[in-house]
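Read-outs throughout are calculated quantities, based only on the coordinates presented, and are distinct from any laboratory measurement. Remember, it's a predicted structure, so these values are computed and weren't measured experimentally. When we count neighbours, we look across all protein chains shown, and the Cβ atoms used for this are built from the backbone with ideal geometry, even at glycine.
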Amino acid sequence: MRSAQPGTSTSGVELANVSRHGIRLTVDGRERYLPFAEFPWFRDATIGQLSLIERPTANHLRWPDLDVDLTLESIDRPEDFPLVSRRRKRTR
């Protein structure tokens, strides 16, 4: 009798700490810090919203309740992924 192939792994990521300055995640045993200054989407989130983290792929983290998706590269090197917001001009 053969076992079925295992499904997509949902382990390997957890919310480790929340402070007034940012959040700390543990991803595959490695700690990563996300300061609110660089990741403002998390500043006003609840612990429940921060704790619900999906991992669709090995390099992709998703917070469905916050509608936030990040790659591990953007967490490790936020300077390479600047936040850019462009206000659209209203057309009449």
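What does the charge count around SER74 come to, taking other residues whose C-beta lies under 14 Å from its C-beta (Lys +1, Arg +1, Asp -1, Glu -1)?
On the way: positive: ARG32, ARG62, ARG77; negative: GLU38, ASP69, GLU73, ASP76, GLU79, ASP80.
Result for the local shell: -3.
Quick one: which residues, 5 or more positions from ALA16 or on another chain, have an amide H under 5 Å from its amide H? H modelled 1.01 Å from N in the peptide plane, none for Pro or chain starts.
Close amide H contacts, sequence-distant or interchain: ARG24, LEU25, THR26.
Dividing the Cα radius of gyration by the Kirkwood radius, what Rg/Rh value follows for the stretch 22-77?
Numbers: Rg = 10.4 Å, Rh = 11.5 Å.
Rg/Rh: 0.91.
Contour minus end-to-end for GLN49 and TYR33, with contour as 0.36 nm per residue of separation and end-to-end as the Cα-Cα distance? Present the calculation step by step, with values, prior to reporting the outcome.
Details: separation 16, 0.36 × 16 = 5.76 nm, distance 1.70 nm.
Result for the pair: 4.1 nm of gain on full extension.
How much net charge surrounds HIS60 when only the other residues with a Cβ under 12 Å from the Cβ of HIS60 are counted, with Lys and Arg +1 and Asp and Glu -1?
Once all neighbours under 12 Å are counted, the net charge is -1.
How high is the relative contact order of the stretch 27-73? Use alpha-carbon pairs under 8 Å, at least six apart in sequence, and give a whole percent.
This gives 24 percent for the stretch 27-73.
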